[in-house]
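To start, the structure under review is shown below, and the notes come after it.
Read-outs: derived from the displayed coordinates by stated rules, not from any lab. Please read all numbers here as calculations on a predicted model, not as lab measurements. As a convention, Cβ positions derive from the backbone with ideal geometry for all residues, glycine included, and neighbour counts pool all protein chains shown.
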Amino acid sequence: MSRVTVITGASGGIGEELAYCAAKAERKLVLVARSSDKLKTVAEKIAALGAPAPEIVALDLADPKSGEMLVSALAQKNLKVFELINNAGYGLAGPVEQLDRADQVGMVDLNMRALTDLTLRFLPEIIAANGGVMNVASTAAFQPGPNMAIYYASKAYVLSFSEAIWFELRGRARVTCLCPGPTPTGFSARAKKDGKLRLMNLSMTSAAFVASRGWERFQRGQRVVVPGVMNEIAATLAPLSPKALVLWLASRLSR
Ligand SMILES: NC(=O)c1ccc[n+]([C@@H]2O[C@H](COP(=O)([O-])OP(=O)(O)OC[C@H]3O[C@@H](n4cnc5c(N)ncnc54)[C@H](OP(=O)(O)O)[C@@H]3O)[C@@H](O)[C@H]2O)c1
């Protein structure tokens, strides 16, 4: 029986970079996303570094049966979870009444339901191994976001859930909520159907930086990690600022 680090959304972007960080730390990996070809490419790159070849599991985590499917895929390979990184997620930009209803509900399924389901399913194994859970939220978690309402709300849930279980599990398992700011990945193209979401240059950090900062602080058991000074300032000021101003600013960012 081997103990593994499971990373969701590892076929690209921040999740792929997190996979490289975990591989360098000599973790045995299980990479999850929908695109098996992209997962295979990431696994091959990791094996080429001389690390153990990761297992890949191609799953649509928005499917309510996906948690059960992942449990049985790991059981078949005799793998137990030591660390779980819930990174898969997406956003959609636009007013709620104009965006597709199923796409918006899909965000709830992936960003919140799947993250919660996997955490609850694997927690007993993680606690038994004194391992950890890292959930990827966003700086969007610190305020409501008109024109990206469900995305911001979903990330507020991820932050609240993660901080609460950090407290419940202290001394038994590490819990970290990673809150990146704007990061150039596939995220902005998926968020905006007609062109890309404008990312604020001032607070932009690379996926590699976000991942290495997140991984390092996760190993220390830090509760919340906001990579980048500008993002840290924004996350600190948002909850202290007048709500009307915060709503206006957030609505401008997601136009
Ligand atoms: N980029 C940013 O500006 C930014 C800022 C703050 C927070 N974040 C958060 O960071 C996390 C990673 O995003 P990213 O920026 O790296 O975006 P990305 O490049 O679009 O990567 C998203 C990952 O999630 C996977 N995924 C998407 N839908 C899935 C599904 N239904 N089932 C399983 N896997 C799925 C994708 O793989 P497949 O398409 O192969 O399934 C991909 O591996 C997300 O939670 C996002 O909200 C991003």
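Observations on the model:
- The listed peptides 153-164, 227-238, ordered by packing as a protection proxy, come out as 153-164, 227-238 (highest mean of other Cβ atoms within 10 Å first).
- Shape call, the range 105-150: gyration tensor on alpha carbons, a/c limit 1.5: oblate
- In order through the range 217-224: 3J(HN,Hα) via Karplus (6.51 cos²θ - 1.76 cosθ + 1.60), integer Hz, x for Gly, Pro: 6, 4, 5, 7, x, 5, 5, 10
- Each residue of the range 23-38 was assigned a 3J(HN,Hα) from its phi angle through the Karplus expression (A = 6.51, B = -1.76, C = 1.60, θ = phi - 60°), giving 5, 5, 7, 6, 7, 8, 10, 10, 9, 10, 5, 7, 8, 5, 5, 5 Hz with x at Gly and Pro.
- Residues in the range 174-186 carry Karplus couplings, in order, of 7, 9, 10, 10, 8, 10, x, x, x, 9, x, 8, x Hz; the curve used is 6.51 cos²θ - 1.76 cosθ + 1.60 with θ = phi - 60°, and Gly or Pro positions show x.
- In this structure the amide hydrogen of residue 181, modeled in the peptide plane, comes within under 5 Å of the amide hydrogens of 139, none closer than 5 places in sequence on its chain.
- 5 angstrom amide H check on residue 133, placed H, neighbours 5+ away: 84, 174, 175, 176
- Three-way shape label, the range 120-240, alpha-carbon gyration tensor, a/c 1.5: prolate
- Distance from the range 94-123 to the range 1-78 (C-alpha centre basis), Å: 21 Å
- Prolate/oblate/rounded call for the range 15-71, Cα gyration tensor, a/c under 1.5 rounded: prolate
- For the chain, the alpha-carbon coordinates run over 54, 38, 32 Å along the three principal axes, in decreasing order.
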